[in-house]
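Enquirer: Got a structure for you, questions after.
The values are calculated or read from the model by the stated rules, or taken from the named source; none is laboratory data. Treat the numbers as computed from the prediction; the structure is a model and nothing was measured. Glycine gets a Cβ as well: all are built from the backbone with ideal geometry, and neighbour counts include every protein chain shown. Note: areas computed on protein heavy atoms with side chains; ligands, DNA, RNA excluded. Shrake-Rupley method; radii C 1.70, N 1.55, O 1.52, S 1.80 Å.
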Amino acid sequence: MISRPRHSKTSLKSKKSTPASKKDESKSKKEDNKKAARPSSPGKNGKTKGRKTSSGEVSKNSSQYFSKPSPNKPAPKHTVASKSLRLNKLIADSGLCSRRKADELISDGKVIVNGKRVNTLGASANPAHDEILVNGKPLPVIKPLYLAFHKPRGYITTRHDELDRKTIYALLPEKWHSVDPAGRLDKDSSGILILSNDGDFINRITHPRYQCNKRYRITTEKPLNEAAAQHLINGVLLQPENKLAKIENLKALPVETNAPKEWPYELTLQTGYNRQIRRSFEAVGFPVLKLKRVAFGNVKLGQLKAGDLRPLKPFEIQQLLKPSSHDALKSARPAVKTPRKSKLANEKPHSVKRSGQGLPKPKRKTRPNSG
């Protein structure tokens, strides 16, 4: 038998109770609402033509699309895209003092943010929106500086020294005392130093994961043998750090006839442990007489005289910040999805199916009851 479509009682009643006149009225109302919602087009005289409904009235909603904003309404405020930073970093980056001194100023209640005194270490502020006062004066705004400096021998790479030894800041102009060194060179070493007041930039070019090579030229009192050279390339375990310090691209340079007692070499480092080169060469029995850094990444010392400095060129800054193999591996690494924790205490987390799982379990054989 052919099955007929079954109609519910409610559907049959609705069909009977909807006459044609009521359908026409509902359709006309829908059309009027659609026309009223459409914007009206401007006429020849620049005036708007309101769309008429079936009742002959002009739609009131059409005029709002072409109405000019009233002059009494305030203009929207445009916010600057910026991020909040810790107060001690902001004060230190401004060149006012070091981070340690900034923490002391905050603890002493000498820092005011938006009219409120801040004495909590770790507090943050947004320099684009917040008003920061230190000792009653606005925080100075200094443009980022990127400098190449030729450090001479006899100076230490620090801002203040407890033993009153000469520091590199004695050679720098006072307007550039806000910069910090990227890495260090000991007192008996010379060569290029990168100086900047940009903390993120310094971290980028000094951290070993970003593989910023530094090239050095050294002299020893006797020539290296093959065993010592191979030991330096494989790595020397430094104590008490317990770090394996490796030297790369080690090669001998031509010996000068005027100094037959000095044997020059060139090498490359990616790490920057304390006195790494001198300690490594002493560990294999070849003390270093002279040490000079001739290149930091792509920035070469060149003809820069000892004690002089120069601003880095834009392409040098870009090359120092270029992506490394660490960045490439980080971007290529697939995101690992961790299973979500169940909200219910009794609910078990979803387990990952292994090979062989998900198959139907064999039925257990039931033994007949004895007796």
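Enquirer: Enumerate the calculated ³J(HN,Hα) couplings along the stretch 270-284 in order (Karplus 6.51 cos²θ - 1.76 cosθ + 1.60, θ = phi - 60°), each rounded to whole Hz, writing x wherever the residue is Gly or Pro.
Expert: Karplus-based 3J(HN,Hα) across the stretch 270-284 equals 10, 8, x, 6, 4, 6, 4, 5, 5, 5, 5, 6, 5, 5, 9 Hz.
Enquirer: Kindly write out, for the stretch 179-186 in residue order, the coupling ³J(HN,Hα) from the Karplus curve 6.51 cos²θ - 1.76 cosθ + 1.60 (θ = phi - 60°), rounded to whole Hz, with x marking Gly and Pro.
Expert: Each residue of the stretch 179-186 in turn: 7, 10, x, 8, x, 9, 10, 5 Hz.
Enquirer: Here is the link list: LYS89/LYS187; LYS101/LYS290; LYS222/LYS246; LYS137/LYS187. Which ones come out longer than 31 Å on Cα distance?
Expert: As for pairs spanning more than 31 Å Cα to Cα, those are LYS101/LYS290; LYS137/LYS187.
Enquirer: When the dipole is taken about the Cα centre of the stretch 156-288, and only Lys, Arg (+1) and Asp, Glu (-1) are charged at their Cβ, what size is it in debye, to the nearest 20?
Expert: Around 200 debye, computed over the stretch 156-288.
Enquirer: Work out from phi, with θ = phi - 60° and the Karplus expression 6.51 cos²θ - 1.76 cosθ + 1.60, the ³J(HN,Hα) of each residue of the stretch 159-175, listed in order in whole Hz, and give x for Gly and Pro.
Expert: 7, 10, 10, 5, 8, 6, 7, 6, 10, 5, 6, 6, 9, 8, x, 4, 5
Enquirer: Under 5 Å between amide H atoms, partner at least 5 residues away or on a different chain: which partners does LYS290 have, H built in plane at 1.01 Å?
Expert: Here the answer is THR219, since their amide H atoms fall under 5 Å of that of LYS290.
Enquirer: Would you please name the GluC sites (Glu not before Pro) within the stretch 113-189 that are DSSP coil residues with at most 16 other C-beta atoms within 10 Å of their C-beta?
Expert: Taking the stretch 113-189 and a limit of 16 other Cβ atoms within 10 Å, the loop GluC sites (Glu not before Pro) found are GLU131, GLU162.
Enquirer: Using only the Cα atoms, what convex hull volume per residue in Å³ does the stretch 107-172 have?
Expert: Roughly 147 Å³ of hull volume per residue.
Enquirer: At 1.4 Å probe size, with every protein chain present, just tell me what the per residue accessible area of the stretch 180-248 comes to in Å².
Expert: Solvent-accessible surface per residue comes out at 50 Å².
Enquirer: Oh, and also: Can you list the residues, at least 5 places off or on another chain, whose amide H is less than 5 Å from the amide H of GLY191, using H built in the peptide plane?
Expert: LYS151, ARG293
Enquirer: Once neighbouring chains are kept in place and the probe is 1.4 Å, which whole percent of the accessible area of the stretch 119-274 is contributed by carbon and sulfur?
Expert: Looking at the stretch 119-274 in its full context, I get 48 percent from C and S.
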